[in-house]
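Participant: Have a look at this one before I ask anything.
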Amino acid sequence: MPAISRDEVAHLARLSRLALTEEELDRYAGQLDSILSHVQVITQVTADVPASASPNPTVNVTRPDVSEPCLTPEQALSGAPAVEEQRFVVPQILGEAE
């Protein structure tokens, strides 16, 4: 027994405001029936598979937030070509005045 009849396709076409010919109704009924049959097979095969966003288990890998020594402002700016008021000086790129 087909999963979807020609009359159901005609009803769906009317609801969707699609003007389908008699030939199109027959063709789409067969295509939709095939699609629904495949969906039913997939549903049966995957019935025991739990739903998940990913097939691979994921865990959040984090490290403790521990404060460690870092560069002083002087050390960080020591290699800069230009420094002003403890800041890197870079060329203006947008052509806008300050």
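Participant: Summing Lys, Arg as +1 and Asp, Glu as -1, what charge do residues with Cβ under 13 Å from the Cβ of residue 30 carry, residue 30 excluded?
Facilitator: Result for the local shell: -3.
Participant: With each run of n ≥ 4 DSSP H residues scored as -39500 (n - 2.57), what mean residue ellipticity at 222 nm is computed for the chain after dividing by its residue count and rounding to the nearest 500 deg cm²/dmol?
Facilitator: Helices in the chain give a 222 nm mean residue ellipticity of -12500 deg cm²/dmol.
Participant: Please give the per residue accessible area of the chain, computed with a probe of 1.4 Å over protein heavy atoms only, in Å².
Facilitator: On a per-residue basis, the chain sits at 95 Å².
Participant: Also: What does the charge count around residue 2 come to, taking other residues whose C-beta lies under 12 Å from its C-beta (Lys +1, Arg +1, Asp -1, Glu -1)?
Facilitator: -3
Participant: Shifting gears a bit: Mind ranking 21-31, 37-47 by how tightly packed they are, going by the mean number of other C-beta atoms within 10 angstrom, highest first?
Facilitator: 21-31, 37-47
Participant: Which entry in [x] 61, 28, 20; [y] 81, 44, 19; [z] 53, 33, 20 is this structure's computed Cα extents along the principal axes in Å?
Facilitator: [y]
Participant: Averaging sequence separations of C-alpha pairs under 8 Å and six or more residues apart, then dividing by the length of the chain, give the relative contact order as a whole percent.
Facilitator: That works out to 17 percent.
Participant: Let me ask something else about it. Once both axes come from the Cα atoms, what is the angle between helix 6-15 and the longest principal axis of the chain, in degrees from 0 to 90, rounded to 10?
Facilitator: Computed tilt is about 50 degrees.
Participant: Tell me, what % of the accessible area of the chain is carbon and sulfur with a 1.4 angstrom probe?
Facilitator: Carbon plus sulfur share of accessible area: 57 percent.
The values are calculated or read from the model by the stated rules, or taken from the named source; none is laboratory data. These numbers come from a predicted model, not from an experiment. Neighbour counts run over all protein chains shown; Cβ positions are idealised from the backbone, glycine included. The protein model used for the area step is the full one, side chains on, heavy atoms only, and it has no ligands, DNA or RNA in it. Shrake-Rupley method; radii C 1.70, N 1.55, O 1.52, S 1.80 Å.
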